[in-house]
1. For residue 234 and residue 253 in one chain, what is 0.36 nm times their gap in residues minus the Cα-Cα distance, to one decimal in nm?
2. Using a Gaussian network model on the chain with a 10 Å cutoff between Cα atoms, which of 23, 165, 209 fluctuates the most?
3. Please calculate how many Å² of accessible area the range 15-65 carries per residue, with a 1.4 Å probe and no DNA, RNA or ligand atoms counted.
4. For the chain, with all protein chains present and a 1.4 Å probe, just round the carbon and sulfur fraction of the accessible area to a whole percent.
5. Pairs 139/242; 102/167; 67/123; 71/242; 67/242; 36/141: which exceed 31 Å Cα-Cα?
6. Under 8 Å for C-alpha pairs, at least 6 residues apart: give me the relative contact order for the chain, rounded to a whole percent.
7. May I ask for the angle, rounded to the nearest 10°, between helix 189-202 and the longest principal axis of the chain, with both axes built from Cα atoms and the value confined to 0 to 90°?
8. Please state the charge dipole magnitude for the chain, taken about the Cα centre, from unit charges on C-beta atoms (+1 on K and R, -1 on D and E), reported in debye and rounded to the nearest 20.
Amino acid sequence: MYSENLELSFRVRDQLLSVKTDYQRIDVFDTYDFGKLLAIDGTVQLTERDEFVYHEMITMMPYYSSKIVPKSALIIGGGDGGAAGALLSLGLKKIVNVEIDKQVVEVSKKFFPSLYKSFKNNKVTLEIDDGVKYISSVKEKFDLIVIDSTDPVGPAEGLFEQNFYSKVKSVLSPNGIAVTQSGSPFYQPKALKMAYQGLSATFKYARPYCAFIPTYPSGFWSFTMASDVPFVNNSKNVKPGKYFNQDVYTGALKLPQFVKNLIQGPDTSDKKKKSSRKK
Ligand code: SAM
C-alpha cells in the first residue's frame, strides 16, 4: 500500500474470486464490515458500503460546476458501472463507457449487480478498449469526461499523462468539464501532482477537490476537474445524494495547506500564477 511498512486490512468471511486477466489481478472478498469488496492488483476499488461516496463525488462535482447542463458523457475506466449509474441518475442522455478489461465488467455483473445494471440501460454504450486508444479515434464531443481509472501504474499509467489530457480536450465540448480521480494526497502525492499539473497545463482552469472515502488508503481522496471555461457553482440546485449536498460541494473545494503546497510545486502553470500575483 504505497509503503512496505503499511497495510490496509479487512477481516473477511470469504474470498469469492481471484482471477488474473491480461491486464491485472481481480479479487472479490466478502468482508465483515463493508460487504463485498472489489480489489485490482491488491488495491481497493470499491466496497458495497462506501462506493456511493466515490461515485457521487466523481460525477456530481463536475456536473454541478458546469456552465451548461451536461447531456453526454464519456467514462474512461469505470468497468464496475458505478460512475455510469451516478450519471444516469443525474439525467444524462448519452453515456459511452470505455473499459480496457472486459473481466472487470463480468465480475461486476456477477458480484455487484446494482452497479452493473447501468450497462443494461440503453443510454449507456459499453466499449471494451484502451481509453488512450479509444480517445484518439473518437469523433464526437462530450459534455463531461470522467476518468474513473485505477492508480497510475500498469494499464492506467497513460491516463495520467499530459498527452492523454490533450486528447481529452479535443473530445470535450467547448463548455465541458473533464474530471479524474487523482489519488490520496497523503500517500500518493505524485498522482495528484501529475493529474493537476497535466490538466492545468492543458486546460485554462483546473481544481482539485477532496472527499472522505473510508476504504481508500488514508480515507482522504482527491479528484481534479478541468475546463476551458470557469467553473460555475450550481450547487443550490442540487438534489442531495447519500454523500453529496450543497455544503459538500463548497467544502470539497477547500484544500488543506499540505495539499495546496503539493499542487503549487514547480510547474509551468503555477509559475504563471505566481508571476500574476506579484503584479
Ligand atoms: N473507483 C476506483 C478507484 O479509484 O480505485 C476505480 C474503479 S474502476 C474499477 C477502474 C477501472 O479502470 C478498472 O476496471 C481498469 O480496468 C480500468 N482501466 C485502467 N486502465 C485503463 C485504460 N487504459 N483504459 C480503460 N480502462 C482502464
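1. Numbers: separation 19, 0.36 × 19 = 6.84 nm, distance 1.37 nm.
Fully extending the segment from residue 234 to residue 253 adds 5.5 nm.
2. Among 23, 165, 209, the largest GNM mean-square fluctuation belongs to 23.
3. On the way: 1980 Å² over 51 residues.
Ligands and nucleic acids excluded, the result is 39 Å² per residue.
4. Working: 6640 of 13110 Å².
Result for the chain: 51 percent of the exposed heavy-atom area is carbon or sulfur.
5. Values: 139/242 35 Å; 102/167 23 Å; 67/123 23 Å; 71/242 23 Å; 67/242 24 Å; 36/141 36 Å.
From 139/242; 102/167; 67/123; 71/242; 67/242; 36/141, over 31 Å: 139/242; 36/141.
6. On the way: 545 pairs, mean separation 45.3, N = 279.
So the answer I get is 16 percent.
7. So the helix axis and the longest Cα principal axis differ by about 50 degrees.
8. Numbers: 37 positive and 29 negative charges, 318 e Å.
It comes to approximately 1520 debye.
The values are calculated or read from the model by the stated rules, or taken from the named source; none is laboratory data. Just so we're clear, the structure is a prediction, and the values are computed from it rather than from any experiment. FYI the Cβ positions are ideal-geometry reconstructions off the backbone, even for glycines, and counts take in every protein chain you see. Just so you know, the surface numbers come from the protein's heavy atoms only, side chains and all, with ligands and any DNA or RNA stripped out. Shrake-Rupley method; radii C 1.70, N 1.55, O 1.52, S 1.80 Å.
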